[in-house]
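Okay, structure first, notes after.
The values are calculated or read from the model by the stated rules, or taken from the named source; none is laboratory data. Remember, it's a predicted structure, so these values are computed and weren't measured experimentally. Positions of Cβ are generated from backbone atoms using ideal geometry, with glycine treated the same way; all protein chains shown enter the neighbour counts. The accessibility values were calculated without ligands, DNA or RNA, using every heavy atom of the protein model including side chains. Shrake-Rupley method; radii C 1.70, N 1.55, O 1.52, S 1.80 Å.
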Amino acid sequence: ITDNNMPKLTGVELVRKLRSARMALPVVMAAELPMHELARNPSLQLAALLPKPFYVHQLLETVKVVLRATASPREQVLPRPNWRSQLAAGGLRL
């Protein structure tokens, strides 16, 4: 779960770094992100976009939906990474 409006790095930049590191994490982005921004960045592959402002129950429901979808055998999701062999988040050089 990330916000797009962060001090040193936008959420879009963070997701680009994750994708370039081949990390297939489902990402929920809380943002007032214009649709043209998503259209310009199809490689982001966001699991969900949560418009701001939102209520806690909306966040929890969104996370439940995303977790169910990524656990579903019907959805084509990249293989889950082997966390023991992956670089830590600090290795991404954010």
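Taking the criterion of being part of a helix (DSSP H, G or I) and either aromatic (Phe, Trp, Tyr) or at pLDDT 80 or above (or both), would at least one residue in region 70-86 satisfy it? Break it down into steps so the answer makes sense when it comes.
Restricting attention to region 70-86, the residues satisfying the condition of being part of a helix (DSSP H, G or I) are 70-71.
Filter once more, so that each one left must be either aromatic (Phe, Trp, Tyr) or at pLDDT 80 or above (or both): 70.
There is at least one residue in region 70-86 that is part of a helix (DSSP H, G or I) and either aromatic (Phe, Trp, Tyr) or at pLDDT 80 or above (or both).
Could you tell me whether region 62-69 includes any residue that is open to solvent by 80 Å² or more (accessible area, probe 1.4 Å), among the aliphatic types (A, V, I, L, M) and modelled with pLDDT of 75 or more?
yes
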Qualifying residues in region 5-27 (those that are without any contact (Cβ under 8 Å) to a residue 24 or more places away in the chain and either in contact with a Ser or Thr (Cβ under 7 Å, 6 or more places away or on another chain) or among the acidic types (Asp, Glu) (or both)) - the one least open to solvent (accessible area, probe 1.4 Å):
11
Failed item, numbered, when residue 30 is tested on (1) under 17 Å from residue 69 (Cβ atoms); (2) of a type outside the set (D, E, K, R); (3) without any contact (Cβ under 8 Å) to a residue 40 or more places away in the chain
(1)
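Among the residues of region 24-34, is there at least one that is β-branched (Val, Ile, Thr), in contact with a helix residue (DSSP H, G or I) (Cβ under 9 Å, 6 or more places away or on another chain) and in a loop (DSSP other than H, G, I, E, B)?
Going residue by residue through region 24-34, those that are β-branched (Val, Ile, Thr) are 27-28.
In the following step, the residues that additionally are in contact with a helix residue (DSSP H, G or I) (Cβ under 9 Å, 6 or more places away or on another chain) were identified as 27-28.
Right, trim to in a loop (DSSP other than H, G, I, E, B) and you get 27.
Scanning region 24-34 turns up at least one residue that is β-branched (Val, Ile, Thr), in contact with a helix residue (DSSP H, G or I) (Cβ under 9 Å, 6 or more places away or on another chain) and in a loop (DSSP other than H, G, I, E, B).
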Kindly list the number of the only condition in (1) within 14 Å of the chain's Cα centre (by Cα); (2) modelled with pLDDT under 90; (3) small (Gly, Ala, Ser) that fails for residue 20.
(2)
